[in-house]
Amino acid sequence: MMKQKIYWRITAAIAVLLILLTFTPLVIAPGKTDPKLFSMPYTFWTSILITIALVVLTYIGGRVHLNDDNDD
């Protein structure tokens, strides 16, 4: 029970950090298109990577929360 709560908080904290990172100049840099990956500008492919990470965190959070409900 306590481990699931810790895992949930860690997952939520990482998700919040990724969301905040999305709106920093590291991702949204005015006029920055290089480096390109598969002919996609920098902002586009970094946003895709952050979205994939958020989907994985959502899955992990769902599994942790599901296990937490079963313990009650």
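Worth a mention:
- The angle separating the long axis of helix 2-22 from the principal Cα axis of greatest extent in the chain is about 20 degrees.
- In this simple spin-label approximation, Asp34 and Trp8 carry label points 7 Å from Cα along the Cα→Cβ vector, and these lie 4.8 nm apart.
- Gaussian network model of the chain, springs between alpha carbon atoms under 10 Å - residue of Ala29, Ala15, Ala53 with greatest fluctuation: Ala29
- Once each of the chymotrypsin sites (Phe, Trp or Tyr not before Pro) sitting in a DSSP loop with at most 10 other beta-carbon atoms within 10 Å is removed, the chain keeps 39-72 as its longest stretch.
- Largest to smallest principal axis extent of the C-alpha atoms in the chain, angstrom: 51, 21, 12
- Whole-number percent relative contact order across the chain, with pairs defined as alpha carbons under 8 Å at least 6 apart: 44
- On Cα atoms only, tilt of 42-71 relative to the major axis of the chain in degrees: 0
Each value in this text was obtained by applying a stated rule to the coordinates, not by laboratory testing. Fair warning: this is a prediction, and the values are worked out from it, not measured in the lab. Reconstructed Cβ throughout: ideal geometry from the backbone, glycine too, with neighbour counts over all protein chains shown.
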